[in-house]
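The values are calculated or read from the model by the stated rules, or taken from the named source; none is laboratory data. Fair warning: this is a prediction, and the values are worked out from it, not measured in the lab. Cβ placement follows ideal geometry from the backbone for every residue including glycine, while neighbour counts extend to all protein chains displayed.
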Amino acid sequence: MKKLIVGGALLAMCCTPCLLTTALAQDKGPTDIVLQSTIDPAKPPKPSVFPHGAHQSRLECKTCHHSKSAEGKRISYAEGQKIEKCETCHNTKVTGMPEKINTFKKAAHAMCQDCHKKNKTELAKCSVCHKK
């Protein structure tokens, strides 16, 4: 009996770091994020709640996240890259941005709604993200 307890304790000590590392590796951000424009406040849209945890369990980070080159071209996300707020670039103060994505609201609608329209049309409704 004593050997069984000692063996179980050793097994638990060996496995705990591996399980902890796996759990931490999967935690790549908050479960939910409230998206709200702060740079273009003239007529701020309603905030939206983005279920980040639900998306990261199904999608790769590079599906949504990216950065830009010195020329302003989109560069796909690479593991470990600093993730900036979308509105850092997607705002009316940045020049040269295509009209379809030149504000945070337009960029979010282009990214989120377009994806939902292709994959789950019932999630493309305004009320899904913009709760009353």
**Item:** Cross-chain or 6+ apart pairs with Cβ under 9 Å, region 106-130 first and under 17 Å from Leu59 (Cα atoms) and at pLDDT 90 or above, then of a type in the set (Asp, Glu) and part of a helix (DSSP H, G or I)
**Value:** His116/Glu122
**Message:** When you scan region 95-104, do you find a residue that is in a loop (DSSP other than H, G, I, E, B), at negative phi and of a type in the set (D, E, K, R), even just one?
**Reply:** no
**Message:** Looking only at residues that are closer than 14 Å to Leu35 by Cα and over 17 Å from the mean Cα position of the chain (by Cα) in region 102-126, which one is surrounded by the most Cβ atoms within 10 Å (Cβ to Cβ)?
**Reply:** Thr103
**Message:** Regarding region 105-115, can at least one residue be identified that is part of a loop (DSSP other than H, G, I, E, B) and among the acidic types (Asp, Glu)?
**Reply:** no
